[in-house]
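A quick write-up on the structure given underneath.
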Ligand SMILES: [Zn+2]
Ligand SMILES: [Zn+2]
Ligand SMILES: [Zn+2]
């Protein structure tokens, strides 16, 4: 064989490889993972994994939000499809800088409520007025597997520990 075979997760119906022990989209554990224990409670069987940090979670540790499993540290992370929000601001300039920084650091980004450029889910306004006055906060998402790293680099960047590299400012 050698090639990955894809099947649908019975829980969330997203595509996963047939040999997966868990679903990276919703955090449900499959039979291959039976015998796995909660990272926090080694005597309790794990029921799922946090889709952000992939910690094993027992029923008590697991927070299910919109059918996806999160640990207590990541339950507040906003997730849309397979993207997790790392940044939010009503300041468009700060948002543009954060986006440039993340792109410069090699992350794939998806933005919401940025106007008028970029990918938009809500088709937000593109007039000069809507650009200067953001009624909804601009949001930056990265793919879920990149969340932890992106968040960390962003925190360092915000605290000024990282010099902004040559970012395109055109
Ligand atoms: Zn799933
Ligand atoms: Zn987590
Ligand atoms: Zn636990």
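The values are calculated or read from the model by the stated rules, or taken from the named source; none is laboratory data. This is a predicted model, so every value here is computed, not measured. Cβ coordinates were reconstructed from backbone atoms using ideal geometry, including for glycine residues, and neighbour counts include every protein chain displayed.
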Q. Looking at region 45-77, which of the residues that are in contact with a helix residue (DSSP H, G or I) (Cβ under 8 Å, 6 or more places away or on another chain) and crowded, with 18+ Cβ neighbours inside 10 Å is farthest from residue 149 (Cα to Cα)?
A. 46
Q.
Name the single residue that is surrounded by the most Cβ atoms within 10 Å (Cβ to Cβ) among those in region 32-44 being at pLDDT below 95 and more than 16 Å from ligand 1 (Cβ to nearest atom).
A. 36
Q) Do you know which residues across region 76-99 are more than 26 Å from residue 23 (Cβ to Cβ) and part of a strand (DSSP E or B)? A) 87, 88, 89
